[in-house]
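**Student:** The structure's right below; bear with me while I get my questions together.
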Amino acid sequence: MTRPLAPRPRPRRRGRSSAQAKTDTDLSARVLALPDCPRGELEEQWRRLWGSAPPRHGSREFLVRAVAYGLQVESYGGLDAQTLRLLKKAGQPNGKQPRTQPSRLSKGSKLFREWHGEVHEVLVLDKGFAWRGETHTSLSAIARAITGTHWNGWAFFGLKRRTKEAPADG
């Protein structure tokens, strides 16, 4: 089991107050006690520290780490604004806002495609697609498995919108 985040021992400096030493000791004790806390108490501390409900499917270990970090931020302060900007930028491709494609498919929809005389049926799931008893994250992965070549999954299943209609011959 990995240990929760704990503050690093600060080097002894002249002029360090006994109040600060007591704060460090109290914080260490609180953080070290977190793995033994009931889940309900961890969730309560999460709400107090982060001002929101904890994730419904967050593991106990995640809650312990997040609460430990929150307690340390409360005592010592959090990341500065420049570091937060850098982290936000690092999580985005080419420093741009991530584009999310709105799903035009409803959960439970079925897609059909005939390929070389065989009909393939794909079920749209909440997150991903089911084909032949396996879950795939994209239609392109299924199209590649069916054809053996790279396809745009939306195009393969006839879902890709055409940008321009061909002009009618008149």
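The values are calculated or read from the model by the stated rules, or taken from the named source; none is laboratory data. As the structure is a computational prediction, the values presented were derived from the model and not from experiment. Note that we place each Cβ from the backbone using ideal geometry, even for glycine, and neighbour counts take in every protein chain shown.
**Student:** Criterion first (in a loop (DSSP other than H, G, I, E, B) and loosely packed, with under 14 Cβ neighbours inside 10 Å) does L87 satisfy it?
**Tutor:** So L87 fails the test.
**Student:** Would you tally the residues in the stretch 8-25 being at pLDDT 70 or above, surrounded by 12 or more Cβ atoms within 10 Å (Cβ to Cβ) and not hydroxyl-bearing (S, T, Y)?
**Tutor:** Number of matching residues: 3.
**Student:** Between a residue in the stretch 107-124 that is in a strand (DSSP E or B) and any residue that is among the hydroxyl-bearing types (S, T, Y), which pairs come within a Cβ distance under 8 Å, given they are 6 or more apart or on different chains?
**Tutor:** As it stands, the answer is W115/T147; L123/S109; V124/S106; V124/S109, since those pairs meet every condition given.
**Student:** Let me ask another. Given the condition at pLDDT 85 or above and more than 29 Å from K127 (Cβ to Cβ), answer yes or no: does some residue in the stretch 45-55 qualify?
**Tutor:** yes
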